[in-house]
Amino acid sequence: MKLFLLLAVLFAGFFLWNRFVQAGEVPVVGVVAPGFNLEDQHGKMQALGDYKNSWVVLYFYPKDDTPGCTEEACMFRDDLTQLTAMGAKVIGISVDDTRSHAQFAEKYHLPFPLLADKDGKVAESYGALTNLLFMKIAKRYTFLIDPQGRIAKHYLSVDTSRHSSEIIQDLKGLIKEVN
């Protein structure tokens, strides 16, 4: 019983500590999206500015080739035609390296950029970085960025099985508002 109590206290302490060491605040709707310049799975540098005049679905995910991340990426892949027809570009970011991204993209035929944020600075600028002891991971957050480079909507609680369709519906509404 003492061991169980000790483990419960340690777990609660770790959870509370982790909440305080998380870096960055989530940018609010309407502000200019934080810029980035990161390498994709093909070794090409990608900057947010490269996507000016397009809607951007910028999604952060914890780890390549894990069940939830695979489901989310494959749903974006499967819905890419609809997203592209609305003028949207999909970009994934995690703290994995380019080699891991290349293997993940090849295995699941992902036709959009997966950016390597190895030091976590971009995830931090979007409030999407978690430090787990000696390991950093990106939270599963998504940001819809409008053609002027502003945050149009953010998703801080994502159901990977329906996230892509949720983005499509919201994007349709946002496009209607603009037109």
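The values are calculated or read from the model by the stated rules, or taken from the named source; none is laboratory data. Model, not experiment: these values are computed from the prediction. Every residue, glycine as well, gets a Cβ built from its backbone with ideal geometry; the counts of neighbours run over all protein chains shown.
Here are a few things to note about the model shown:
- In segment 37-65, the residues that are free of Cβ contacts under 8 Å to residues at least 60 places away in the same chain and surrounded by 13 or more Cβ atoms within 10 Å (Cβ to Cβ): D50, D64, D65
- The requirement of being within 15 Å of the chain's Cα centre (by Cα), under 22 Å from I168 (Cβ atoms), at pLDDT 95 or above and surrounded by fewer than 19 Cβ atoms within 10 Å (Cβ to Cβ) is fulfilled nowhere in segment 110-124; no residue meets it.
- Checking each residue of segment 155-178 against the condition of being surrounded by 15 or more Cβ atoms within 10 Å (Cβ to Cβ) and in contact with a Leu (Cβ under 6 Å, 6 or more places away or on another chain) gives no match.
Residue by residue, here is whether (1) small (G, A, S); (2) more than 26 Å from K52 (Cβ to Cβ) holds:
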{"site": "A88", "(1), (2)": "yes, no"}
{"site": "I91", "(1), (2)": "no, no"}
{"site": "V95", "(1), (2)": "no, no"}
{"site": "S100", "(1), (2)": "yes, yes"}
{"site": "K107", "(1), (2)": "no, yes"}
{"site": "D119", "(1), (2)": "no, no"}
{"site": "V122", "(1), (2)": "no, no"}
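- So S94, is it crowded, with 17+ Cβ neighbours inside 10 Å, without any contact (Cβ under 8 Å) to a residue 40 or more places away in the chain and of a type in the set (S, T, N, Q): no
- Enumeration of residues in segment 77-93 that are within 12 Å of the chain's Cα centre (by Cα) and within 16 Å of L171 (Cβ to Cβ): V90, I91
- Single match in D117, D79, D64, D146 (criterion: in contact with a Leu (Cβ under 9 Å, 6 or more places away or on another chain) and farther than 22 Å from P34 by Cβ): D64
- Meets criteria (surrounded by fewer than 23 Cβ atoms within 10 Å (Cβ to Cβ) and more than 18 Å from L174 (Cα to Cα)) for R150: no
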